[in-house]
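The values are calculated or read from the model by the stated rules, or taken from the named source; none is laboratory data. Keep in mind that what you see is a predicted model, and the values were worked out from it rather than measured. In this analysis, Cβ positions are derived from the backbone assuming ideal geometry, glycine residues included, and neighbour counts consider all displayed protein chains.
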Amino acid sequence: MNNFEFPEQLDLAAFISEEAHDLKSPFNRILGFTKMLMKGMSGPITDMQKDDLTTVYQNSNQAMTMMSNLVDMARLSRGEKSFAPSESEANRLLNQVIAYWKQNKADKQVEFEINTFAPEIPISVDEPLMRQGILNLALYLAEYTQLPAQITIKVEQDPEGLLFSLESRGAKNPIPVEIDLTMTAYIGQAIVKLHGGAFRATRGDEESGLIQFVLPG
């Protein structure tokens, strides 16, 4: 007969990282089956049932996003995120961010403006990872600011490399979701630092928010 193993201490970040698949699987199944029901693949549904299923789908998708963020936070804190930098440039990187936002964050009523003053200067980044980092910083501003909002992303030459400025315009959100602010801030900050970047400004007031960071050229 074997004794049960009850851990007295637990590396929570390691546990979340190692069990990522099992943590996400229930949400994937809920999303998949709910979408199937909404499409009528198991038989016709009423408008009221469709509304209820839409609510289930939206809330499950939100929970899945939080779980994915939690896994990313755990892996970033343990240095487990794959990192493969290559030469890139600001315009391409920011266009990827906007394209992803339009496809996946359409519910966030944000209008983007991009100004690049040093597009010809190459930077060494892991494009998918840096895209995720910039996206999370933009999500932070979208949560900090009452929607609809405008976010301007500006890139300019700096003695230390390229200076990225994300600035939101709009009234401050009176009831931001603190868990969203914490998660997006941690992920964005960790990815910038992983690239050897440094933050210049992280501040906001009642009418705007500003995040500035520099990436080495």
Residues of the range 94-141 being within 11 Å of residue 166 (Cβ to Cβ) and free of Cβ contacts under 8 Å to residues at least 12 places away in the same chain, which ones? none
From the list 3, 28, 69, which residue is outside the structural domain of residue 134 (by TED's automatic domain parsing), part of a loop (DSSP other than H, G, I, E, B), of a type outside the set (A, V, I, L, M, F, W, C) and on the phi < 0 side of the Ramachandran plot? 3
By residue number, the members of the range 42-54 that are within 32 Å of the chain's Cα centre (by Cα) and either closer than 21 Å to residue 64 by Cβ or not in a helix (DSSP H, G or I) (or both) are 50, 51, 52, 53, 54
Spans of strands (runs of 3 or more DSSP E) in the range 108-217 with at least 2 residues within 19 Å of the chain's Cα centre (by Cα): 110-116, 149-158, 161-169, 198-204, 208-216
With respect to residue 66, is the statement that it is modelled with pLDDT under 90, of a type in the set (A, V, I, L, M, F, W, C) and out of contact with any Phe, Trp or Tyr (no Cβ under 9 Å at 6 or more places or on another chain) true? no
Which one of 209, 217 is in contact (Cβ under 8 Å) with a residue 60 or more places away in the chain and buried (at least 16 other Cβ atoms within 10 Å of the Cβ)? 209
Of the residues in the range 148-190, how many are within 24 Å of residue 111 (Cβ to Cβ) and either of a type outside the set (Ser, Thr, Tyr) or touching a residue at least 60 places away in the same chain (Cβ under 8 Å) (or both)? 29
Residue 57 passes all but one of the listed conditions (1) closer than 21 Å to residue 21 by Cα; (2) touching a residue at least 40 places away in the same chain (Cβ under 8 Å); the exception is number (2)
